[in-house]
Amino acid sequence: MNPLQRLKTLLLVLLIAGPAVGLAKAETPDVMALATLDRFMAAFNDQDIKAWAATLHYPHVRFASSQVMIYDSAATFQDRSVFPALQAAGWHHSLWTRRTITLSSDTKVHIDTEFERRNTDNETIGRYQSLYIVTKINGHWGIQARSSLAP
């Protein structure tokens, strides 16, 4: 095979296999778990409790404020008031400042995180460490449990 034919063959292989390689990388458990946290934070900041609930798996467990809360369904998760108390404390939005994967398998990822709560001037009003456990159930990634030092 001459050099031009080799180049054509290589380009053909890259065109065919390239997208599949990129897709496989994009769907690793770590990438999918972090994307789930991104959706969680976006829905939270949009104050869209239905979209926020859709980022979770049920039963969903939350350890925070010296309590253990267990939400059996999206309906029980959504049936509460969250945002007025945060706003009364000056909250406008939150953001991740650290996300470190500490344990990972094909169906479960533990993520050590830190997030900040910010006011309308984008000033930090609180910084909290937390642990998120993201699981894959029936092909869908969702947050199964989280433990936070946030009030």
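Every number in this text was worked out from the coordinates using simple rules, so none of it is lab data. Because the structure is predicted, anything quoted here is derived from the model rather than measured. Virtual Cβ from ideal backbone geometry, glycine too; neighbours counted across all protein chains shown.
Net charge in the neighbourhood of Ile133 (other residues with Cβ under 15 Å of its Cβ; Lys, Arg +1, Asp, Glu -1) is +2. Given 37 °C and 0.692 mPa s, how large is the Stokes-Einstein diffusion coefficient of segment 43-101 in µm²/s, with Rh as the Kirkwood radius over Cα pairs? Value of D from the Cα-based Kirkwood radius: 254 µm²/s.
A cut-off under 11 angstrom between Cβ atoms defines the neighbours of Arg99, and their net charge, with Lys, Arg +1 and Asp, Glu -1, is -3. Ranked by the mean number of other Cβ atoms within 10 Å per residue, highest first, peptides 142-149, 116-123 order as 142-149, 116-123.
Given all pairs of different Cα atoms, what value in angstroms does the Kirkwood hydrodynamic radius of segment 28-148 take?
The Cα-based Kirkwood calculation yields 14.7 Å.
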